[in-house]
Amino acid sequence: MKPKAIRGMNDVLPGDAATWRHLESIVREVVESYGYREIRLPLLEQTELFKRSIGEVTDIVEKEMYTFADRNGESLTLRPEATAGMVRAGITHGLLHNQRRKLWTAGPMFRYEKPQKGRYRQFHQFDVEAMGYPGPDVDAELIIMCARMWQKLGLSRLRLEINSLGTAETRGSFRKDLVKYFSTVKNRLDKDSIRRLEQNPLRILDSKNPDMQEIVAAAPVMLDYLDDDSAQHFEGLKSLLDAAGISYAVNPQLVRGLDYYNRTVFEWLTDALGTQGAVCSGGRYDGLVEKLGGRASPAIGWAMGIERMVGLFEACGGQPPARNPDVYVVALGDAALASGFELAEALRSVVPALHLELNLGGGSIKSQMKRADKSGAAYAIVLGDEEVAGGTAGLKPLRSGEDQISIPMDGLGDALRERLAG
């Protein structure tokens, strides 16, 4: 029986991996240009961490986490998101008390969901967090950073939606009125909304069911319940985005799916990926550090789905830069192969960023030259008994009609630097 990957957990093959690497390098470059530093986190955390942070009555904790007991009987969970782990690491290592931190991480997350395009059981995220910053200026920076990423990545068909969830206290008043409203139309609610009405009524506002949209549109609006500080914070964010020329829409139904959010929440959405429209989402979680056992510290962050970023890149016609070798070494015979290894390592040492491939597995001159051409290399270096004996090598351009020339081996580095620089 042929082995198969686990459902919803996909291999990223070499051709696709080149696109991933290209996009990830651009995102990393942009994020670090704003002063954010990398942190690497374990895939496993104590289950209680996610129950306390995400919320026990969320879909993630109730239905989607990969949770198991280890040999000591401790309940562990494969991380379904990165923010809780970031905060846990900050508390564990004393990074947050009376300090400001700009951090990023990337890697796989795990949720037991129905697999579909853009939504997998093992998926990958790029996660950016700013901790210790209370004002709307950092909210604006994180959003503006995203806009710069889209520009650098060549992505279009993206729109920004923002909202404010206020504080836990004002959200409590809003929740009461929301429950009262939805209770009056309970006979029109779908099954998921009825369940959420008892557990997490704000999530009804995020319903994707077309039959629910008219009901949701008539519901109370969180923005009408904001306290003065939250309203001022939200106005400050909008003013900074306006000044930066960032287009956005205020969406009062944008609530996000995790309990820890407060004040600013935002999503970058696209119409290019079907139903999976959210490419990058984030918001404030000013109470989470204290809730998890640290000293109170304001914080905000965003997470971007790498699979969705790749899908949008391809939908926008993006192509990763070619990663063909610069040089392919053709070696005819045992002596030439031994010399080829020595020459290849010498050239890698003296020609910056040289991408060189040495023919392996032998073959005739015809078959090796065919491999050289298929590799996409710009030049072939040809070694045979005659070249080895004379201390020379043949240098043959593969992408032009120029003839092969003979060059002393110790002059190949200069010759390649000159040609590849051009």
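The values are calculated or read from the model by the stated rules, or taken from the named source; none is laboratory data. As the structure is a computational prediction, the values presented were derived from the model and not from experiment. Note: ideal-geometry Cβ built from the backbone for every residue, glycine included; neighbour counts use all protein chains shown.
From the list Ser75, Ser53, pick out the single residue that is under 19 Å from Phe110 (Cα atoms), modelled with pLDDT under 95 and surrounded by fewer than 13 Cβ atoms within 10 Å (Cβ to Cβ). Steps first, answer last, please.
Working: Ser53 fails: surrounded by fewer than 13 Cβ atoms within 10 Å (Cβ to Cβ).
Exactly one of Ser75, Ser53 is under 19 Å from Phe110 (Cα atoms), modelled with pLDDT under 95 and surrounded by fewer than 13 Cβ atoms within 10 Å (Cβ to Cβ), namely Ser75.
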May I ask you to verify whether Gln319 is surrounded by fewer than 18 Cβ atoms within 10 Å (Cβ to Cβ), at pLDDT below 95 and touching a Gly at 6+ places or on another chain (Cβ under 6 Å)?
no
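Hey, which of the strands (runs of 3 or more DSSP E) in the range 316-422, taking only ones fully inside, have at least 3 residues that are touching a residue at least 40 places away in the same chain (Cβ under 8 Å)?
Values: elements: 327-331, 356-358, 379-383, 392-397, 405-408.
In the range 316-422, 327-331, 379-383 are the strands (runs of 3 or more DSSP E) which contain 3 or more residues that are touching a residue at least 40 places away in the same chain (Cβ under 8 Å).
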Does the range 132-139 contain any residue that is within 25 Å of Leu76 (Cα to Cα) and among the aliphatic types (A, V, I, L, M)?
no
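Can you tell me which residue within the range 202-250, out of those that are in a loop (DSSP other than H, G, I, E, B) and within 31 Å of the chain's Cα centre (by Cα), is modelled with the lowest pLDDT? Talk me through it step by step, then tell me what you get.
Filtering the range 202-250 down to residues in a loop (DSSP other than H, G, I, E, B) leaves 207-209, 218-221, 226-227, 244-248.
Add one more test, that the residue is within 31 Å of the chain's Cα centre (by Cα), and what stays is 207-209, 244-248.
Details: Ser207: 72, Lys208: 75, Asn209: 80, Ala244: 96, Gly245: 95, Ile246: 96, Ser247: 95, Tyr248: 96.
Among those that are in a loop (DSSP other than H, G, I, E, B) and within 31 Å of the chain's Cα centre (by Cα), it is Ser207.
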Conditions: (1) out of contact with any Gly (no Cβ under 6 Å at 6 or more places or on another chain); (2) touching a residue at least 60 places away in the same chain (Cβ under 8 Å); (3) surrounded by 12 or more Cβ atoms within 10 Å (Cβ to Cβ). Lys208 meets all but one. Number of the miss?
(3)
